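Have a look at the structure below, then the notes.
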């Protein structure tokens, strides 16, 4: 995600019209449009590993995972985002007059990148928190084995951090459990970038 | 925080020896030294407001509060850092008898800056979580009214986010409570830097 110079206020309608014609994805908040960058191989591997595990565990269940091409609208802050992975339970609720914008994720998973880590941990999470359907927010590091899992407790969020391959990411709301060894399967770390957890 | 070029990792004892002679503060982890930048007016106001209101409530309960100049050592991970505010209730214990490197803070408070927000929310918090004495980690935004308060629950951390001036930051472990209106007293936001919560 790179920042476009803040000059004028763009309305949500203008953003959506542009977005429907655009050849690449952009996110939108506070009246500004932010183009999204591509991701690393490692980022993609982790997202695919998680998607495959969740897809397989949710087969035949009312919940299903979606990859990063599905746009999410946060009603409280009028922001539009493309989470790396969303799990939606039951029928997806669509924004009025928008056939391709969903409102009701149960789980959001973001794989952290250096350029967006601050936003994923801070401003983006702050905008996700008011989504009433959201019970779980998961941040997955790509430069070390580390999964930070926030679970809603009323108005508060309980953080569980896991960093051992034998640990599992357990998402009770959708009945899924994925060992970190599977999330990071076939993922290698550049030794120069690897930090202790 | 900028990274100084170090091809070869520096030993912690060498960092400490250098640091005790240095004119500017630097943090240390993973064999590297990171020089610390100065802070903005709002950053200073927030740290001062918090220190005054928290300190006034200590009475004679045996708590000490240090602003910005107390080095904290995380023995489990090898991090040395200078929190914006570190509070210890009980008997402080120090690294090597020089009384300048605290080992057992009870509360750590960081005022977020754009250049260090990602580190404060992510890597640094991961280090601080390994301090057994630590019960509370508080992040204070300087571009809007937002206080994010993590409280230890065994191996997990409960996040409470406050954003209304009438809300209070309540830190049970040290028996203190400060209204956000007092934390943000005299703080004005540069419209260019302000983003909605």
**Message:** Kindly evaluate residue B:108 against the criterion of being closer than 30 Å to residue A:116 by Cα, buried (at least 16 other Cβ atoms within 10 Å of the Cβ) and more than 14 Å from chain A (Cβ to nearest Cβ).
**Reply:** yes
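Which helices (runs of 4 or more DSSP H) does the range A:89-197 wholly contain that include 1 or more residues that are in contact with a helix residue (DSSP H, G or I) (Cβ under 6 Å, 6 or more places away or on another chain)? Break it down into steps so the answer makes sense when it comes.
Numbers: elements: A:117-121, A:123-128, A:180-183.
Once the helices (runs of 4 or more DSSP H) in the range A:89-197 are filtered for at least 1 residues that are in contact with a helix residue (DSSP H, G or I) (Cβ under 6 Å, 6 or more places away or on another chain), what remains is A:117-121, A:180-183.
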**Complete:** Within the range A:1-57, the residues that are modelled with pLDDT under 90 and more than 16 Å from residue A:69 (Cα to Cα) are A:2, A:3, A:4, A:5, A:6, A:7, A:8
**Item:** Conditions (1) facing another protein chain (nearest Cβ under 9 Å); (2) under 23 Å from residue A:124 (Cβ atoms): number failed by residue B:155
**Value:** (2)
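Condition check ((1) touching a residue at least 24 places away in the same chain (Cβ under 8 Å); (2) within 18 Å of residue A:26 (Cβ to Cβ); (3) surrounded by 21 or more Cβ atoms within 10 Å (Cβ to Cβ); (4) touching a strand residue (DSSP E or B) at 6+ places or on another chain (Cβ under 8 Å)) across all residues:
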| position | (1), (2), (3), (4) |
| --- | --- |
| A:88 | yes, no, yes, yes |
| A:92 | no, no, no, yes |
| A:104 | yes, no, no, yes |
| A:109 | yes, no, yes, yes |
| A:124 | yes, yes, yes, yes |
| A:131 | yes, no, yes, yes |
| A:136 | yes, no, yes, yes |
| A:139 | yes, no, yes, yes |
| A:148 | no, no, yes, yes |
**Message:** One residue is enough: does the range B:55-77 have a residue meeting the conditions without any contact (Cβ under 8 Å) to a residue 40 or more places away in the chain, buried (at least 18 other Cβ atoms within 10 Å of the Cβ) and more than 30 Å from residue B:180 (Cα to Cα)?
**Reply:** no
**Request:** Looking at (1) touching a residue at least 12 places away in the same chain (Cβ under 8 Å); (2) away from every other protein chain (no Cβ under 14 Å); (3) surrounded by fewer than 20 Cβ atoms within 10 Å (Cβ to Cβ); (4) in a loop (DSSP other than H, G, I, E, B), find the lone condition where residue A:59 falls short.
**Result:** (1)
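The values are calculated or read from the model by the stated rules, or taken from the named source; none is laboratory data. Computed from a predicted model, the values in this text were never measured in an experiment. Cβ sites come from the backbone with ideal geometry, for glycine too, and all protein chains shown count toward neighbours.
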